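Enquirer: Pasting in a structure now, in structure tokens, and then I'll have a few things to ask.
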Amino acid sequence: MTLIKTEDLITSVTDALQFISYYHPEDFVRALANAWEREASPAARDALTQLLANSRMSAIGHRPVCQDTGIVTVFIDIGMGVRWEGDMSVEEMINEGVRRAYLWPDNVLRASMVSDPAGERRNTGDNTPAVIHVRVVPGDTVEVEVAAKGGGSENKARLAMLNPSDSIVDWVLETVPTLGAGWCPPGLLGIGIGGTAEKAAVLAKEALMEPIDIHELKARGPRNRIEALRLELMEKVNDLGIGAQGLGGVTTVLDVKIRDFPTHAASLPVCLIPNCAATRHTRFVLDGSGPALQTPPDLSIWPDIEYQAAPDARRVDLDRLDREEIRQWRPGEVLLLTGKMYTGRDAAHKRMLELLDNGEPLPVDLAGKFIYYVGPVDPVPGEVVGPAGPTTATRMDRYLDRILDETGLLGTIGKAERGPAAIEAIKKHRSVYLMAVGGAAYLVSKAITAARVVAFPDLGMEAIYEFEVKDMPVTVAVDARGESVHQSGPAQWQKILFERKHSG
């Protein structure tokens with residue numbers, strides 16, 4: 001019988017969540033570096049360079065790789081020979097560990113969990129509760145896997161109840177292009193097959209915890225149908241040409257992980273869950289000897305690179321910008337922004353439209369300005385602002401036409417693609433949409449020289465900030481003519497990859 005102290009589990013969960021906020025898994029870093037070395041698309045390579053530079057900066061600075069520090073998922077296997085010291089439930093212990101991790105004063109993490117999800121959506125303030133899966137298994141230890149999953153990738157989870165004769169490969173290849181770039185590729189695909197609907201989803205999430213080994217698998221060859229399916233999907237998904245951040249390129253996924261489970265004879269449940277370029281997970285084992293603390297990786301696993309924009313990157317003064325100048329920008333072009341911009345996410349946009357509906361003035365003058373879709377992490381001493389990477393722009397599509405029409409806003413900055421209605425609004429108003437790299441939040445924050453809340457302070461990280469930036473790197477995603485790099489880039493690279501494969 002092994003005695004596990006309450007504090008040991010709490011401390012271990014806290015340590016694990018702090019650890020994964022700034023350390024990518026080692027296998028992920030190596031896979032990302034390999035993708036960077038092989039990337040032929042200039043736009044995708046620029047994005048991969050930012051991701052790798054950001055990852056190394058976060059590891060050194062012990063600050064989050066992404067401003068979305070995630071919803072916490074925990075898989076815990078409790079040995080039947082374990083006895084607990086204390087009167088807290090396992091769920092209570094884990095949530096206390098989450099609470100301490102996200103309120104840790106030296107590295108404050110962004111709290112994103114909201115209660116009453118179909119109603120008030122009130123932030124819980126400490127990122128609890130976690131999503132917890134408990135199993136009781138033979139043995140006398142406690143094995144725990146901890147992940148922090150961002151909303152951008154989690155929102156792209158897809159479930160299908162296929163017919164037994166349907167092709168899983170066809171379904172995945174039809175589904176992945178519909179995800180857009182909001183899941184921040186390159187990352188991993190977790191696929192659960194079988195069981196019931198909820199079992200398939202859990203299998204997919206568990207699969208994402210497995211180490212990246214697709215290149216070893218390719219070298220030795222598949223030993224079973226699941227391994228053959230992984231290799232087939234890895235090749236065919238990358239042949240879609242979606243690429244890093246959806247800009248078009250060689251690598252869309254770094255690995256495809258699959259778990260399966262017996263299912264009903266009439267059923268074929270399949271769930272696909274992507275992990276983003278801010279993949280964060282780790283594991284630990286409690287054996288009664290005290291808390292299990294994480295071991296920092298050797299910094300030598302990261303390529304020693306710093307992000308520098310290409311010499312031909314266009315420098316832009318946001319404080320002297322007009323529509324004539326933005327008409328010259330083209331999709332895929334890298335810009336370096338300097339000057340003032342405002343931030344605004346879902347809640348701020350909703351409030352602005354309520355003010356417009358009531359004929360009231362907005363709290364900020366958006367004429368000639370840009371809105372950056374971001375909810376930053378709170379700063380620690382010595383910082384202007386915490387990690388401040390972009391959020392998914394499509395969530396703001398519903399507001400865009402009216403905001404452009406009634407405020408004189410010049411453009412917006414976010415991550416991933418814009419939908420058809422938003423692109424039409426951009427074209428109509430001769431506006432522009434710029435894309436910052438999702439998953440490079442610490443790097444982006446270093447370009448922010450001043451930050452202050454100017455409206456809706458009660459919204460917390462969703463308040464409107466005024467940022468002053470210097471050489472903030474972005475890519476033109478939708479130009480003033482309505483041309484989108486998220487359409488042209490993948491189409492171009494799908495053609496290139498097809499021709500490469502079939503040449504000679």
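The values are calculated or read from the model by the stated rules, or taken from the named source; none is laboratory data. In this text the structure is predicted, and so the values were computed from the model without any measurement. Cβ placement follows ideal geometry from the backbone for every residue including glycine, while neighbour counts extend to all protein chains displayed.
Enquirer: Here is a list of conditions, (1) over 27 Å from Ala204 (Cβ atoms); (2) within 25 Å of the chain's Cα centre (by Cα), and Thr128 meets all of them except one; can you say which number that is?
Expert: (1)
Enquirer: Which of the helices (runs of 4 or more DSSP H) contained wholly in region 19-108 include at least 3 residues that are touching a Phe, Trp or Tyr at 6+ places or on another chain (Cβ under 9 Å) and under 25 Å from Asn155 (Cβ atoms)?
Expert: Ranges flagged: 42-61.
Enquirer: Would you mind stating whether Glu483 is touching a residue at least 60 places away in the same chain (Cβ under 8 Å) and over 18 Å from the mean Cα position of the chain (by Cα)?
Expert: Criteria met by Glu483.
Enquirer: Taking into account only those residues within region 118-148 that are closer than 22 Å to Val374 by Cβ and either assigned by TED's automatic domain parsing to the domain that holds Leu189 or of a type outside the set (Lys, Arg) (or both), which is surrounded by the fewest Cβ atoms within 10 Å (Cβ to Cβ)?
Expert: For region 118-148, the residue satisfying everything is Gly125.
Enquirer: On the given criteria, is Leu286 crowded, with 22+ Cβ neighbours inside 10 Å, at pLDDT 95 or above and under 30 Å from Arg83 (Cα atoms)?
Expert: yes
Okay, residues lined up against (1) out of contact with any helix residue (DSSP H, G or I) (no Cβ under 9 Å at 6 or more places or on another chain); (2) of a type in the set (A, V, I, L, M); (3) at pLDDT 95 or above:
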residue: Asp397; (1), (2), (3): no, no, yes
residue: Asp405; (1), (2), (3): no, no, yes
residue: Gly408; (1), (2), (3): yes, no, yes
residue: Gly411; (1), (2), (3): no, no, yes
residue: Leu434; (1), (2), (3): yes, yes, yes
residue: Ile448; (1), (2), (3): yes, yes, yes
residue: Gly482; (1), (2), (3): no, no, yes
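Enquirer: Shifting gears a bit: If I ask for residues that are within 12 Å of Leu459 (Cα to Cα) and touching a residue at least 12 places away in the same chain (Cβ under 8 Å), which ones from region 112-126 would you list?
Expert: Once the filter is applied, which keeps residues that are within 12 Å of Leu459 (Cα to Cα) and touching a residue at least 12 places away in the same chain (Cβ under 8 Å), region 112-126 yields Ser112, Asn123, Gly125.
Enquirer: Looking at region 394-418, which of its residues are closer than 14 Å to Val474 by Cα and among the aliphatic types (A, V, I, L, M)?
Expert: Correct list: Ile413, Ala416.
Enquirer: Which condition number does Leu188 fail, the rest of (1) buried (at least 23 other Cβ atoms within 10 Å of the Cβ); (2) closer than 19 Å to Pro262 by Cα being met?
Expert: The failed condition is (2).
Enquirer: Has region 63-71 got any residue that is in contact (Cβ under 8 Å) with a residue 40 or more places away in the chain and over 15 Å from the mean Cα position of the chain (by Cα)?
Expert: yes
Enquirer: Take region 159-178 and flag every residue that is in a helix (DSSP H, G or I) and out of contact with any Leu (no Cβ under 8 Å at 6 or more places or on another chain).
Expert: Matches in region 159-178: Asp170, Glu174, Thr178.
Enquirer: Please state which of the following conditions Ile301 fails to meet, knowing it meets all the rest: (1) under 23 Å from the mean Cα position of the chain (by Cα); (2) within 30 Å of Val169 (Cα to Cα).
Expert: Looking at each condition in turn, Ile301 falls short on (2).
Enquirer: List pairs: first in region 32-53 and closer than 10 Å to Ala277 by Cβ, second surrounded by 21 or more Cβ atoms within 10 Å (Cβ to Cβ) and of a type in the set (D, E, K, R), Cβ under 6 Å, 6+ apart or cross-chain?
Expert: Short answer, once both residue conditions are applied: Leu48/Glu39.
Enquirer: Any idea how many residues of region 344-375 are among the charged types (D, E, K, R), in a loop (DSSP other than H, G, I, E, B), out of contact with any Leu (no Cβ under 8 Å at 6 or more places or on another chain) and crowded, with 16+ Cβ neighbours inside 10 Å?
Expert: Within region 344-375, residues that are among the charged types (D, E, K, R), in a loop (DSSP other than H, G, I, E, B), out of contact with any Leu (no Cβ under 8 Å at 6 or more places or on another chain) and crowded, with 16+ Cβ neighbours inside 10 Å number 1.
Enquirer: Something else now. In region 314-333, is there at least one residue being of a type in the set (Lys, Arg), surrounded by fewer than 18 Cβ atoms within 10 Å (Cβ to Cβ) and part of a loop (DSSP other than H, G, I, E, B)?
Expert: Yes - at least one qualifying residue is present in region 314-333.
Enquirer: Ok, one more. Name the residues in region 461-504 that are at positive phi and not in a loop (DSSP other than H, G, I, E, B), would you?
Expert: Selection gives Asp471 alone.
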